[in-house]
1. Once each part is reduced to its C-alpha centroid, what is the distance from segment B:40-79 to segment A:196-247 in angstrom?
2. Roughly how many Å is it from the Cα centre of segment B:9-35 to that of segment A:279-337, as a whole number?
3. In a solvent-free Debye calculation with one equal scatterer on each Cα, what is log10 I(q)/I(0) for segment A:305-366 at q = 0.23, 0.27, 0.30 Å⁻¹, listed in the order of the q values?
4. Residues of A:363-375, mean number of Cβ from any other protein chain within 10 Å of their own Cβ, rounded to a whole number?
5. Compute the projected area of the convex hull of the Cα atoms of segment B:7-131, averaged over all viewing directions, and report it in nm² to one decimal place.
6. Before anything else, pin down the relative contact order of chain B: Cα pairs under 8 Å, at least 6 apart, normalised by residue count, whole percent.
7. Which FRET efficiency, nearest 0.05, do B:Asn3 and B:Asp26 yield, Cβ-Cβ r, R0 45 Å?
8. Give, to the nearest whole percent, the P(r) tail of the protein assembly as shown beyond 38 angstrom, counting all Cα pairs.
Amino acid sequence: MAVQQAIPRARRGIPGGFSGSALRADFPVFERQTRTGKRLVYLDAAASSPKPRVVIDTMSDAYAHHYANVHRGIYELSEDATARFEAARRKLAGFINAPTERECVFVRNATEAINLVAYSWGRTNVGTGDRVITTQLEHHANIVPWQQLCAEVGATLEYVAITDDGRLNADDLAAKLEPRDGRSPRLLAIAHVSNALGTINDVAEITRLGHEAGALVLVDAAQSAPHMPVDVQAFDCDFLALSGHKMLGPSGIGALWARRELLEEMPPFMTGGSMIIRVTLDGAEWNEVPYKFEAGTPAIVEAIGLGAAIDYLTEIGMDRVREHEKFLFEHAWTALSEISGVRLLGPAESELHAGVISILLDGVHPHDVATIFDHEGVAVRAGHHCAMPVMLRYDIPATTRASFYVYNDLDDVEALTSAVRTAQQIFGTGN
Amino acid sequence: MDNLYRDFILEHYRAPHNKGYLDPHDLHFADSNPTCGDEMSMTIQLDESKGRIADVAFDGRGCAISQASASILTDELRGKSLEEIKAMDPKELLDELGVPIGPARLKCALLSYKVLQGAVRGSEVAWPKEAEAVAGA
């Protein structure tokens, strides 16, 4: 299989040790020009990332030469497909430092992972009068499943407040974790990185506080797993959710990691084939974990593609990915801050801020900003980013969000700031 | 780009016509654009026969396209009968905007139309098919 990769060796003097523009050669999408004839400046990784050629090639190779259903066929081709599918699970386990791949459940995306926990663990462990705690900076995927759960069982959902610069309010977190009427909160569900603000939460410390208060802790790693080291043992959390499509992998595949003992106790979320050991007309016996949670034919080739994406990221090194994005963030934050009429959300400190910048331009609506950016070849997201409570918190309808990844470089930061000036020119704002 | 953000669009955006809230009013309706969460409301005063629009105002915040579209649309409503309004073709509004609206922005351009139809019909209406080039978020 011909696989082109431009992953460079670490070089001194370059943050992260690699150049984003060199990596662009690995991503076929950058061969295309925009309809206005510009180079594509892709700043929307937080929504979904482009795919490197190695992921695309691995998937077509799997479909062409290694495809059969998994876990059933007593024939070579099925064994081959199964081995590749399970190898991807081991890669995933290694990527998040799970003690065993048996704790890694393949799902469609982080949203499904959180729903799995809310339906399976939630409906058996959260009852009338209980409390579930989440925060004001969450994606809807880490809010709505808990709203539904709490409404159904008569529990209360509480939100930890955020500060003006987009951090969790530590005092409010402590207050929310206090027992109420002698009862501890049942669960603390928190994003590692906010998709709307870029805030990085100290999930290890927050998990410690959650456990001290008697709650289990779920970490939504959809925005962090692609961009920085994620280590479930270091976090010491109980559940972790991620999406493959945001981390160079295909859409339709994601993962839930949970402690083995929790997975053993939890009832199945969906039922059907694969997840049973035996079925009689009177009932069924569940398969072992993680298969108990993988009813039906899984996203076989997508899982294999995710494995290839993990290999690609691992070869660069997640510490280097983080360092690279931190460097781009610092440059973008500084350059944008110098433009009058620009307001940036989230913490200013790069230690606390992932490569995601939410931008507001005085007098220009984010939708208009994004359209003007699009004309300049700069792809960004404009809207509420599925985090409407964040928009309410700052009393804004929407933001323009730029998000960086491995293939971005300082030219892209320059394109971003230049597009901001163009938008201001067209609308006659700024200086 | 200058095609989309022509001066007259920007003028309507900066100084929208018929912006505000009519009190009292006969009809009131609010709706939102799911792709951005922008909300728009419309208040309408009817004439003595209660069959024609005497005055109209829109309110809310939004992008240049949605605000200009509401400004242009509301300019034309006075004196129109409710039946005429129900029969309005959303294409005419797109034509009047006179700028190329890409698929991602059609809902911005047609939010005012949707709010107006909701107001005269007394309940939310579906997006016109012209806005369905892309699904909502």
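Each reported figure results from applying straightforward, stated rules to the coordinates on display, with no laboratory input. Everything quoted here is computed from the prediction, not taken from an experiment. Backbone-built Cβ (ideal geometry, glycine too); neighbour counts: all protein chains shown.
1. Distance between centres, Cα-based: 48 Å.
2. 44
3. Values returned for q = 0.23, 0.27, 0.30 Å⁻¹ are -0.91, -1.08, -1.22.
4. Mean inter-chain Cβ contacts per residue within 10 Å come to 6.
5. On the way: hull surface 27.5 nm².
Orientation-averaged projected area of the Cα hull: 6.9 nm².
6. 27
7. So the FRET efficiency works out to roughly 0.70.
8. It works out to 38 percent of all Cα pairs.
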